[in-house]
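See structure below.
The values are calculated or read from the model by the stated rules, or taken from the named source; none is laboratory data. If you're wondering where the values come from, they're calculated on a predicted model, not measured in any experiment. All Cβ positions, glycine included, derive from the backbone under ideal geometry; neighbour counts span all protein chains shown. Side chains are part of the model used for accessible areas, which takes the heavy atoms of the whole protein and leaves out ligands, DNA and RNA. Shrake-Rupley method; radii C 1.70, N 1.55, O 1.52, S 1.80 Å.
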Amino acid sequence: MKRMTLLAKKEGSATSDFRAYWAGPHAQLALGMEGIAKYNHNRVDKVLWASGGRPVFNVDGVVELYFEDAEAMRLAQGSDVGKKFIPADEPVFLKGWTLCVVDTQGDDPGEALVKVLILFHAQADAREALWVDLQRAADAIGVQVALNWTASTAKRERLWAEPSPPTGFVAAWFQSVAKAHEAFEPSSTLRDVVEKHTSDGAAYLIDQLRIK
């Protein structure tokens with residue numbers, strides 16, 4: 001079971017301060033939740049591509065929290081850490097928080113590769129065709145991909161949230177930053193697939209930090 005949460009840093013705060021607090025006091029607090037199988041920070045370095053020329057999402061980072069199953073996630077979220085301490089800490093460094101519980105196809109390679117996250121909106125019936133074409137494109141250009149499809153969403157009462165949360169997230173892993181840039185040039189294979197099956201989206205170059 002997996003959660004992917006979009007984070008927007010507090011207005012006026014430096015990116016370095018946002019990342020330091022997220023990876024420091026806040027991450028240590030989050031690790032107090034029992035049942036976390038894996039915990040990643042996806043820190044946004046830059047936008048590689050956006051439909052319409054500008055991103056439709058306000059995101060400075062995406063949290064990935066993995067749990068063994070739905071019951072483990074429910075217990076973690078219902079603990080004092082999950083329902084009281086973490087929400088109280090978030091306004092210290094965040095403006096925005098948008099939670100997506102996702103169903104995942106494909107695997108994280110677990111290697112030191114360059115990661116890109118593509119956040120998008122799409123029709124519900126686009127999922128299978130998108131996944132088929134993503135795998136074909138990945139094989140053609142020699143990258144690894146995973147598709148995370150949003151099953152449910154949530155927001156925090158005290159924080160801003162995306163008015164239209166992403167339908168899903170494509171994760172792609174490249175051998176180099178240059179290869180990641182090439183993949184989102186006009187008429188590139190991967191970009192063509194994303195544009196074909198989505199109504200809008202943006203690709204973000206990620207600096208990944210594995211917390212657990």
Using θ = phi - 60° and Karplus 6.51 cos²θ - 1.76 cosθ + 1.60, couplings along the stretch 134-151 (whole Hz; Gly, Pro as x) | 4, 5, 5, 5, 4, 5, 5, 9, x, 10, 10, 9, 9, 10, 10, 9, 5, 9
Return the long-range amide H neighbours of A37 (sequence gap of 5 or more, or a different chain), with a cut-off of under 5 Å between placed amide H atoms.
-> Y66, F67, E68
Per residue of the stretch 36-48, in order, report the coupling 6.51 cos²θ - 1.76 cosθ + 1.60 (Karplus, θ = phi - 60°) as ³J(HN,Hα) in whole Hz, putting x for Gly and Pro.
-> 6, 8, 8, 8, 10, 9, 9, 8, 6, 8, 6, 8, 8
Rounded to a whole %, the carbon-and-sulfur portion of the accessible area of the chain at a 1.4 Å probe is 48 percent
Show me 21-29, 151-159 ranked by packing, highest mean number of other Cβ atoms within 10 Å first.
-> 21-29, 151-159
Residue by residue through the stretch 196-203, the couplings from Karplus 6.51 cos²θ - 1.76 cosθ + 1.60 with θ = phi - 60°, in Hz, x for Gly and Pro, are 5, 9, 10, 8, 6, x, 8, 10
Quick one: net charge around L75, please, counting Lys, Arg +1 and Asp, Glu -1 for every other residue with C-beta under 15 Å from its C-beta.
-> -1
List every residue whose amide H lies under 5 Å from the amide H of G168, counting only residues 5 or more places away in sequence or on a different chain, with H placed 1.01 Å from N in the peptide plane.
-> F120, T150
Between F85 and S164, what FRET efficiency follows from the Cβ-Cβ distance if R0 is 30 Å, with the result rounded to 0.05?
-> 0.55
Determine the relative contact order of the stretch 1-148: mean sequence separation of Cα pairs under 8 Å and six or more apart, normalised by residue count, in whole percent.
-> 36 percent
Per-residue [θ]222 nm for the chain (sum of -39500 (n - 2.57) over DSSP H runs n ≥ 4, rounded to 500) = -6500 deg cm²/dmol
Check: C-alpha center the stretch 71-139 vs C-alpha center the stretch 40-63, spacing in Å is 13 Å
Reference-scaled alpha-carbon Rg (2.2 N^0.38 Å with N residues) for the chain | 0.98
